[in-house]
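Following: one structure in structure tokens, then a few remarks.
The values are calculated or read from the model by the stated rules, or taken from the named source; none is laboratory data. The structure displayed is predicted, hence computed values, not measured ones. Methodologically, a virtual Cβ is constructed for each residue, glycine included, from the backbone with ideal geometry; neighbour enumeration extends over all protein chains shown. Just so you know, the surface numbers come from the protein's heavy atoms only, side chains and all, with ligands and any DNA or RNA stripped out. Shrake-Rupley method; radii C 1.70, N 1.55, O 1.52, S 1.80 Å.
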Amino acid sequence: MNCSISGEVPEEPVVSKKSGLLYEKRLIERHIADYGKCPVTGEPLTMEDIVPIKTGKIVKPRSLTAASIPGMLGMFQNEWDALMLSNFALEQQLHTARQELSHALYQHDAACRVIARLKQERDEARSLLAQAERQAPLPASAVTAVSNGKRASEEEDMGPGAKRMHPGVSDSIIAELTDCNAALSQQRKKRQIPPTLAPIDALERYTQLSSHPLHKTNKPGITSIDINLSKDIVATGGIDSNAVLFGRTSGEILSTLSGHSKKVTSVKFVAHNDVFLSGSADKTVRIWQGSEDGNYNCRHILKDHTAEVQAVTVHATNNYFVTASLDATWCFYDLSSGLCLTQVEDPTNSMGYTSAAFHPDGLILGTGTIGSTVRIWDVKSRGNVANFDGHTGAVTAISFSENGYFLATAAHDGLKLWDLRKLKNFRSFELYDQDTPTNSVDFDHSGSYLAIAGSDIRVYQVGSVKAEWNCIKTLPDLSGTGRATCVKFGPDARYLAVGSMDRNLRVFGLPEEDASTES
């Protein structure tokens, strides 16, 4: 048995009553005199707690002077004992110092993170203040702001019952919509799959190419995505109330559009015009106009809705757009003036709208309701011409195929496909469990593929009413939230842009070397 301090066989062994550990008597006496506690357990210890262990009597030599070899050995023994005690104390102090240093480094790192976040929030606040000063309205004595961003007196805009007056959709606008429909329908008959479209075997090899933190960390979550196909710019709307324009090719943020007071629920590009639309839970829609320096300025703030704006969709003419809201109305706007031409309210329906999309030809509008019904509207007459029932829960997303025949709708219970020629459901997909809704659905521009977002992202090959729709790729939600909120195909389905409940935009596609081989 060895001493717990020196590790050697003790000459005068003693044992602690409290810990039961064995010590050399002279070493433990000196340690108790210096520290008053057990050197191993740290418990308070006195000499009364020390019990000697009796061993055989050994005749000790007489004490000699330091000049003799036995005397020198005794001195060396005393020095060794002191060294053991000092070394043991130093090891304990080193362990304590390491713990204190680790704690101090952690506090320093946390302080640096807090300082960086505060600096970022300060810069964002300064940017918002500067933008607010640029967009400051004229004095109230001169003009009064109305719903559509134009300036006029309230008496001119308010009708009987304190409701806003709208000029309506004129015959010339209806003729424009009809001509657009005829031209697009004629083109669709001659439509062919573009040779640059990504083939099926390319989509099967899709993997994550990049991840970009576009929104704030204190309010993570991307709620909507749109892509400017001609410029390859991705727009995201976030819970942090900002819309972000991201250049996919350059990998840089081109512009951050601030102004909404609540989360941005829908974002849309207007093709061939440097105009961008954003709808928000703050009940407003904003029209942003791009400038030569790459920045976007808010041109109109539209305030016709009395509840959250859930969807914005642009007409094929790129001259008009529709907004849908939880106030159970949808508004038809003129893009150039920001004027609400008509606000459609169905007296037989009190359910708010959660999604909306124009048919590719532009004369049909689809809206999804919070009550699980899909409503089809004739844009010219603003009449409800068909209703699709069968979903469970709110209809979260709507997408028309470019072939003009198919409509895909997503809700809590999964995905349903509808044949617009026969007005019936011909296929349903129950993709996830009961607690996981299907959040987004999108046909690619050629109508060849269909992307679905929920707890993961799935890509289907578009079939027909009778032919199967095969799942060709399942991509995991890498955000760790288990909830992909929006998905959008890039040009020629060469990549997928995905938003989730974290702050990152993720791009899935082929790696560069594989993409060049495919080309």
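Cβ-Cβ distance below 6 Å, separation of 6 or more or different chains: which pairs start in region 62-90 with a residue that is closer than 15 Å to E8 by Cα and hydrophobic (A, V, I, L, M, F, W, C) and end on one that is loosely packed, with under 13 Cβ neighbours inside 10 Å and modelled with pLDDT of 90 or more?
From region 62-90, no pairs qualify.
For residues that are at pLDDT 90 or above and β-branched (V, I, T), scanning just region 478-493, find the one that is nearest to V507 (Cα to Cα).
Going through the qualifying residues, I end up with V487.
Inspect region 417-440 for any residue being polar (S, T, N, Q), open to solvent by less than 10 Å² (accessible area, probe 1.4 Å) and over 21 Å from D477 (Cα atoms) and give the result as yes or no.
no
Does E252 satisfy being more than 19 Å from G447 (Cβ to Cβ), under 18 Å from the mean Cα position of the chain (by Cα) and exposed (fewer than 14 other Cβ atoms within 10 Å of the Cβ)?
Yes: the conditions hold for E252.
If a residue must be within 17 Å of the chain's Cα centre (by Cα), more than 19 Å from T207 (Cβ to Cβ) and small (G, A, S), how many such residues does region 433-480 contain?
2
Output the number of the condition that I200 fails; it satisfies all remaining conditions of (1) over 24 Å from the mean Cα position of the chain (by Cα); (2) open to solvent by 60 Å² or more (accessible area, probe 1.4 Å).
(2)
List the strands (runs of 3 or more DSSP E) that sit entirely inside region 311-372 and contain at least 3 residues that are in contact (Cβ under 8 Å) with a residue 12 or more places away in the chain and surrounded by fewer than 20 Cβ atoms within 10 Å (Cβ to Cβ).
339-345
If you go through region 255-306, how many residues are open to solvent by 20 Å² or more (accessible area, probe 1.4 Å), closer than 21 Å to A130 by Cα and part of a strand (DSSP E or B)?
Summing the residues that are open to solvent by 20 Å² or more (accessible area, probe 1.4 Å), closer than 21 Å to A130 by Cα and part of a strand (DSSP E or B) in region 255-306 gives 9.
Go through P491, P476 for me and flag whichever is out of contact with any helix residue (DSSP H, G or I) (no Cβ under 6 Å at 6 or more places or on another chain) and more than 21 Å from A235 (Cα to Cα).
P476
What are the pairs with Cβ atoms under 8 angstrom where one residue, in region 182-204, is within 16 Å of H359 (Cβ to Cβ) and basic (K, R) and the other, located anywhere, is part of a loop (DSSP other than H, G, I, E, B) and open to solvent by 40 Å² or more (accessible area, probe 1.4 Å)? Sequence gap at least six, or different chains.
R188/E402; R191/E402
Quick test for you: out of R122, R117, R126, pick the one residue that is open to solvent by 90 Å² or more (accessible area, probe 1.4 Å), touching a residue at least 12 places away in the same chain (Cβ under 8 Å), more than 26 Å from R30 (Cβ to Cβ) and part of a helix (DSSP H, G or I).
None of the others qualify; the one that does is R117.
Determine whether D433 is without any contact (Cβ under 8 Å) to a residue 40 or more places away in the chain, out of contact with any helix residue (DSSP H, G or I) (no Cβ under 7 Å at 6 or more places or on another chain) and farther than 19 Å from S266 by Cα.
Answer is yes for this residue.
Restricting attention to region 232-249, which residues are surrounded by fewer than 24 Cβ atoms within 10 Å (Cβ to Cβ), among the hydroxyl-bearing types (S, T, Y) and within 15 Å of the chain's Cα centre (by Cα)?
S241, the sole residue that qualifies.
I'd like the full set of residues that are open to solvent by 30 Å² or more (accessible area, probe 1.4 Å) and without any contact (Cβ under 8 Å) to a residue 40 or more places away in the chain, limited to region 387-411.
The answer is N387, D389, G390, T392, Y405.
Tally up the residues in region 494-519 that are at pLDDT 90 or above, more than 15 Å from the chain's Cα centre (by Cα) and open to solvent by less than 40 Å² (accessible area, probe 1.4 Å), please.
Summing the residues that are at pLDDT 90 or above, more than 15 Å from the chain's Cα centre (by Cα) and open to solvent by less than 40 Å² (accessible area, probe 1.4 Å) in region 494-519 gives 4.
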